[in-house]
C-alpha cells in the first residue's frame, strides 16, 4: 500500500511537471524559436541536424503560398482543424484512405507528439491544434511550420532546405523552387525537391490560382 501511494505521488509530480513545461512552451512558442521533437531527437542522439530558424519575413512568400496550396487550402479560414475535410475523409467508402491534417495539426504533432499513425495520437492532436492555432495565430503558425518541417534526412526548416537544395537563402526562393519544396513534404525522405516534376507542377498550378486563401499571412 505504501509503495502504491509513493507511485501515485511520483505520478502526480510528473504530470504537474509536464503541465508546467507545456504551459511554458505555449508562452515560448509565441515569440521564440521552438524545435520539433524530431530536431530534439537528433540532438540527443548526437546527429546534429541542419537547422537554422529564420523569421517568416526572411522566407519567400511563394513558399507559404505553395505550402497552403499543397497541404492545407483552408488554412486561413479554419481554426486549426479542417472539419469539412475531416468529415469528407471519414465519409470515404471503405474507411479513411487519406489524411486530413492541417498545418496547425502538423505543428501540434511535430512539437508535442510522436511520428507514426495511431488513434491516440490523433485524439491528442486535434485539441492541441485548436489551442495553439488560437493562441499563436496564423502568421506565427506558418512561421513555426516552415521552420520545423522536415525536408530530407536531418534537414529541418525552409532556410536549411533552401541552402541545401538550391544554394540560396529561403528569402530568394522562386515560385518553382517553392512548389518543389512543398511537393516534397508528404514524403521528405524519399522525395528530392530538385528531382520532382509532375507533383511540383501541380502545386505550382494550384498556388498560382489562390489569392484570398493566403490573406491571413499578409505582411
(request) Inspect the range 74-87 for any residue being more than 22 Å from residue 216 (Cα to Cα), over 15 Å from the mean Cα position of the chain (by Cα) and free of Cβ contacts under 8 Å to residues at least 60 places away in the same chain and give the result as yes or no. (result) yes
(request) For the range 1-40, enumerate the residues that are surrounded by 10 or more Cβ atoms within 10 Å (Cβ to Cβ), within 24 Å of residue 56 (Cβ to Cβ) and free of Cβ contacts under 8 Å to residues at least 24 places away in the same chain. (result) 24, 27, 28, 40
(request) Look at residue 152 and say whether it is out of contact with any strand residue (DSSP E or B) (no Cβ under 7 Å at 6 or more places or on another chain) and without any contact (Cβ under 8 Å) to a residue 40 or more places away in the chain. (result) no
(message) Considering only residues that are crowded, with 23+ Cβ neighbours inside 10 Å and outside any helix (DSSP H, G or I), which ones fall in the range 158-175?
(response) 173
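To keep it simple, each residue is scored yes or no on (1) modelled with pLDDT of 95 or more; (2) under 24 Å from residue 57 (Cβ atoms); (3) surrounded by fewer than 17 Cβ atoms within 10 Å (Cβ to Cβ).
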residue	(1), (2), (3)
129	yes, no, no
156	yes, yes, no
182	no, yes, no
189	no, no, yes
211	no, yes, yes
217	no, yes, no
(message) So, in the range 41-65, exactly how many residues are exposed (fewer than 13 other Cβ atoms within 10 Å of the Cβ) and either at pLDDT 90 or above or touching a strand residue (DSSP E or B) at 6+ places or on another chain (Cβ under 6 Å) (or both)?
(response) 2
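The values are calculated or read from the model by the stated rules, or taken from the named source; none is laboratory data. On a predicted model such as this, the values are computed, not experimentally measured, just so you know. Methodologically, a virtual Cβ is constructed for each residue, glycine included, from the backbone with ideal geometry; neighbour enumeration extends over all protein chains shown.
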